[in-house]
Amino acid sequence: MFEKPLFSKVSSKGQIVIPAPLRDEMSIQQGSVLHFQRLSNNTFVIRVMGDGESVALRPTTGIHVKIPAIGLKKTF
């Protein structure tokens, strides 16, 4: 776990840098797929997806279901 809070500033292109300690701990590398899920107005969860894994939200129920990934691969 991290000793101090981690921060990242959004660029003019809407990009952020994931701090190196977080990338290292979560094994996030070039080509990793991240899933963003909003929990409230200003809180969200970022999930690092496994190889060949995808998550979809059923629009009518709000229940997350796994669906096969098409064309999503980690590249190292």
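Laboratory data are not the source of any read-out in this text; all were calculated from the coordinates shown. Everything numeric here is computed off the predicted structure, so don't read it as measured data. Cβ: placed from backbone, ideal geometry, glycine included. Neighbour counts: every protein chain shown.
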> Summing Lys, Arg as +1 and Asp, Glu as -1, what charge do residues with Cβ under 14 Å from the Cβ of Ile18 carry, Ile18 excluded?
Replying inline: +1
> Fully extended, how many nm does the chain gain between Ser11 and Asp51 (0.36 nm per residue separation, minus their Cα-Cα distance)?
Replying inline: 11.6 nm
